[in-house]
Amino acid sequence: MTFGFAPSAASSLTTPAASASRLARMLEPAEWAEAGIPLLRSPRDVVTGLHARHAPGPATAVVAVLDHEERLIASASFTPRPVPADGWDFRNALLAHLRRVIPHDLRRRSPVRTAVLLNCREGSGKWTEEDGAWMWGLRDACTLHGLRCGAYITLTRDGWQVAGDDRGGRHPHSASLPSDISGADGQDAPPAPRMVSGSGEPLRRTAAR
């Protein structure tokens, strides 16, 4: 896959020292590719299923936990605080929402469940510093919650794209209407979304099974 580069809009608001620290908490595309992130067997089904459940709009992140057969166990969508893209902040947000929807697996010798992240944002599908910060945050949150770090997926008006993989598609995209959830991934419809209070970031929807 060929990556382009688009600067983060918030990067110009930081001091040199803060910028250096922030840049240390992000992953370049090459680093992500070398990390051995497991590929999804059916990324289109995963993306379509999450889009149907959460109907994410721009500036919305959807974190989901899959079992070893790539079935959805739990998921949560939220809008991060409008701060400069920093892997530390993203890690904390992801970890907080993972803790709300699923118990940790830290007692296991090796992870058996995988967390994936769908980031719906403005702009093109080209890699940005924000993407790099989300990648760092996802990897670190998975380590702290006893999960395997899975795919990072962007959802823009151009469609969806799996980072470090040449697989993507035009539908769904950030302006798509959600499809029928009963046919999104061949599973039964999840329980009605529940709201979680006391979150630093507004939780949009949560589905857990």
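The values are calculated or read from the model by the stated rules, or taken from the named source; none is laboratory data. What you see is a predicted model, and the numbers here were worked out from it, not measured in a lab. We place every Cβ from the backbone using ideal geometry, glycine too, and count neighbours over all the protein chains shown. Only protein heavy atoms, including side chains, enter the accessible area calculation; ligands, DNA and RNA are left aside. Shrake-Rupley method; radii C 1.70, N 1.55, O 1.52, S 1.80 Å.
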Original post:
If only one of ALA55, ALA61 is in contact (Cβ under 8 Å) with a residue 60 or more places away in the chain and either of a type in the set (Val, Ile, Thr) or over 20 Å from GLY132 (Cα atoms) (or both), which one is it?
Top reply: ALA55
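Any idea how many residues of the range 64-110 are assigned to a loop (DSSP other than H, G, I, E, B) and over 25 Å from GLY132 (Cβ atoms)?
If we filter the range 64-110 for residues that are assigned to a loop (DSSP other than H, G, I, E, B), which is where we start, we get 67-71, 79-86, 102-110.
Now narrow it down to the ones that are over 25 Å from GLY132 (Cβ atoms): 67-71, 102-110.
Number of matching residues: 14.
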Original post:
Of the residues PRO80, PRO84, which single one is under 13 Å from the mean Cα position of the chain (by Cα), at negative phi and open to solvent by 20 Å² or more (accessible area, probe 1.4 Å)?
Top reply: PRO80
**OP:** Kindly indicate whether LEU117 is open to solvent by less than 60 Å² (accessible area, probe 1.4 Å), under 14 Å from the mean Cα position of the chain (by Cα) and without any contact (Cβ under 8 Å) to a residue 60 or more places away in the chain.
**Re:** yes
**OP:** Looking at (1) modelled with pLDDT of 95 or more; (2) open to solvent by 60 Å² or more (accessible area, probe 1.4 Å); (3) in a loop (DSSP other than H, G, I, E, B), find the lone condition where SER197 falls short.
**Re:** (1)
Original post:
Quick one: would you say SER75 is polar (S, T, N, Q) and closer than 17 Å to ALA141 by Cβ?
Top reply: yes
**OP:** Could you tell me whether the range 132-145 includes any residue that is of a type in the set (D, E, K, R) and in contact with a strand residue (DSSP E or B) (Cβ under 7 Å, 6 or more places away or on another chain)?
**Re:** yes
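Could you look through the range 158-183, keep only residues that are of a type outside the set (Val, Ile, Thr) and in a helix (DSSP H, G or I), and pick out the one that is modelled with the lowest pLDDT?
GLY183
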Original post:
Just checking, how many residues over the range 124-160 are without any contact (Cβ under 8 Å) to a residue 40 or more places away in the chain and open to solvent by 40 Å² or more (accessible area, probe 1.4 Å)?
Top reply: 3
Subject >> Failed item in (1) touching a helix residue (DSSP H, G or I) at 6+ places or on another chain (Cβ under 8 Å); (2) open to solvent by 40 Å² or more (accessible area, probe 1.4 Å), with ASP105 passing the rest >> reply: (2)
